[in-house]
Amino acid sequence: MLAALLSAVPALAQKTTEARITAATADLKEMMNASDKGIPQDLLNKASCLVIVPNLKSGGFIGGAQYGRGFFTCRKASGVGWSAPGAIKLEGGKFGLLIGVKETDVIMLVMNKSGMDHLLSDKFQIGGEASAAAGPVGRDSSAMTDAEMHAEILSYSRSRGVFGGLDIGGSAVSTDSETNQELYGKTLTNREILDSHMSVPAEARPLIHELNMLSSRK
């Protein structure tokens, strides 16, 4: 049953690349502006990369499945501004009494070079190769736990207007080659997009502009 769910859920998540980027931009604005329940600004300022997965799908009956397509961007080597985005898929299976299908918007802060190296690989498992924790919410990160302080990835969610940290341990992140092809007109890995300093595609300029406005450290 789980295999059938994993094959069916992607069909529910299909949107155009431009629509997903537009949704990702809206998610970033709303999750950063959620007052004392949003992502702490100081953590965004420290992050090496950011991942946004709009409309992560989960559903099932006895077995469950999760599937989402999103984007990542990393800080430029100069430390000022953010790179052209690459595309990722987020997939995971879990067992539980899940009824129906729901959507969750997900943001992940990649906090160090080790986490970035995992992100730029073809595929890695959150909580396996890369340590992760549900991120703290609020205006600053003063209440971080030891686990959060040492995690490579901090994850956040928004579901039905409710913001909070999110535990997505066990989920797999892989390159979305199809979307990269649409964005750049040729087959590129996510590491190639970052290392070759690609120009930001027109569809992604609002997202990168918003992120530069929120956190463009020097």
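The values are calculated or read from the model by the stated rules, or taken from the named source; none is laboratory data. Owing to the predicted nature of the structure, the values given are computational and were not obtained by experimental measurement. Cβ coordinates were reconstructed from backbone atoms using ideal geometry, including for glycine residues, and neighbour counts include every protein chain displayed.
What the table below lists for this structure:
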read-out: Criterion: within 26 Å of ALA19 (Cα to Cα) and at pLDDT 75 or above - qualifying residue of GLU129, GLU152, GLU103; value: GLU103
read-out: Positions within the range 163-218 being touching a Gly at 6+ places or on another chain (Cβ under 9 Å) and of a type in the set (Val, Ile, Thr), in sequence order; value: ILE168, THR175, THR179, THR189, ILE193, ILE208
read-out: Looking only at the range 14-54, and only at residues there that are surrounded by fewer than 21 Cβ atoms within 10 Å (Cβ to Cβ) and outside any helix (DSSP H, G or I), the one that is modelled with the lowest pLDDT; value: GLN14
read-out: Elements of type strands (runs of 3 or more DSSP E) in the range 109-216, at least 1 residues being touching an Asp or Glu at 6+ places or on another chain (Cβ under 8 Å) and buried (at least 19 other Cβ atoms within 10 Å of the Cβ); value: 132-134, 153-159, 172-175
read-out: Per-region count, the range 56-84, residues at pLDDT 85 or above, in a strand (DSSP E or B) and not hydrophobic (A, V, I, L, M, F, W, C); value: 5
